[in-house]
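Each remark here refers to the structure printed beneath this line.
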Amino acid sequence: MGLFGGWDVVAVTAETVSEARAFQAELGQRRELGALPGVTKDTILLAVPDPHPRPEAPWETKSAVVGSGGATLNAVLAVAEQLSARNGTGTLDATVLQSKRVCILHSSSTHRIPAASCVGKAFSPLPAGLASSDPSMPGNGLACNIDLILLVLQGWVGDASPGVWVCSTEPFLNLPASAHRCAAPDRKSTRLNS
């Protein structure tokens, strides 16, 4: 397996605009600390609010939620818009995705776990740390689920061709060692052994 060169874009979905603002700040801070595996200084970090978010306050009228499928499509659109703008195109150009490694992480609702409501489940601290060969390096300390998911995906994606990977931030992702890793087109296809 080749070395993983890092993500071109990491996008985290959010239910509301205020959640997206908080997630964007957290992503930026975690990048500065070196806590996001596979994220470089060139990686575009996006927090994408649902187009029809749930109300900010419980007394507001409920609107339709888009669900994970709608959130995925919305995030892909936001990523394509961002990449198109950075390429200097005045219009949306979906071909910009063809040469990029994009990771879309779903940060689902926090109302089921009130303890995670201030930062969301993706950024809630876990009793785990990201090991580093140099303990004085920033980023050591408590890890969040998003850190661990990016770490596992970094090892699994390997030298795969560019593409879009979509993952939830709810599970503790642990792919078995027997799982075939993603590989460039001339390698084995992706599959998990049982």
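The values are calculated or read from the model by the stated rules, or taken from the named source; none is laboratory data. Model, not experiment: these values are computed from the prediction. Methodologically, a virtual Cβ is constructed for each residue, glycine included, from the backbone with ideal geometry; neighbour enumeration extends over all protein chains shown. Protein only, heavy atoms only, side chains kept; ligands, DNA and RNA dropped before computing areas. Shrake-Rupley method; radii C 1.70, N 1.55, O 1.52, S 1.80 Å.
Structure above, values below:
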read-out	value
Meets criteria (over 16 Å from the mean Cα position of the chain (by Cα) and at pLDDT 90 or above) for residue 84	yes
Number of the condition not met by residue 98 [criteria: (1) at pLDDT 80 or above; (2) open to solvent by less than 50 Å² (accessible area, probe 1.4 Å)]	(2)
Subset of region 135-167 that is modelled with pLDDT of 85 or more and part of a strand (DSSP E or B) - its residue that is farthest from residue 14 (Cα to Cα)	163
Qualifying positions in region 23-37 - of a type in the set (Gly, Ala, Ser) and modelled with pLDDT of 90 or more	25, 28
Residue satisfying condition, being in contact with a helix residue (DSSP H, G or I) (Cβ under 6 Å, 6 or more places away or on another chain) and either open to solvent by 70 Å² or more (accessible area, probe 1.4 Å) or without any contact (Cβ under 8 Å) to a residue 12 or more places away in the chain (or both), within set 77, 73, 92	92
Single residue of region 14-31 satisfying the filter (more than 15 Å from residue 146 (Cβ to Cβ) and not in a loop (DSSP other than H, G, I, E, B)) that is least open to solvent (accessible area, probe 1.4 Å)	18
